[in-house]
Every structure is written in structure tokens, then in C-alpha cells.
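A.B. asks: Take this structure first; my questions come after.
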Amino acid sequence: MSEGRIESRAEKLLPEELAVGSADPEAQAEAILAESDTRTARAQHGPDEHAERRTSDEAAE
């Protein structure tokens, strides 16, 4: 994740993000971007990539 991307996001924190009150807006922005990147990657793979697969016997246990 680039420093420029983090700095840009830190400058544009939403009101609800500012209300949390972070001592380090760049760290807060980095965490927000990391979570966003994770959600984007999961969405690109589709739901079948994250589905738990069990047999009917395993589900009955």
C-alpha cells in the first residue's frame, strides 16, 4: 500500500471516522484501506471461494 494512498485517505476521513478520535489519522486510514482491499479481493473471487464445504455426515456431527 503506497504512502501517497494512505496520506490521501487520511486527509479525507469521513465525519464518523473522525468522531472515533484517532491520535494517528494515517494509521486509521491505513487500517480502513486494508479492510477495503480485503473486501474487494473477496468480492472479486466470488462467494464460492469462501464457502465452507462439508459432507452431510460431517454436518450431522
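Coordinate-derived values only; no laboratory data. Bear in mind that the values here come from a model prediction, so they are computed numbers and not experimental data. Please note: Cβ atoms are built from the backbone with ideal geometry, for glycine as well, and neighbour counts cover all protein chains shown.
A.B. asks: At 7 Å along Cα-to-Cβ for each site, give me the label-to-label distance between Ala60 and Ser8 in nm.
C.D. replies: It works out to 5.6 nm between the two label points.
A.B. asks: Cβ neighbours within 10 Å, averaged per peptide: list 7-15, 19-27 in order, most packed at the top.
C.D. replies: Going by the mean number of other Cβ atoms within 10 Å, highest first, we get 7-15, 19-27.
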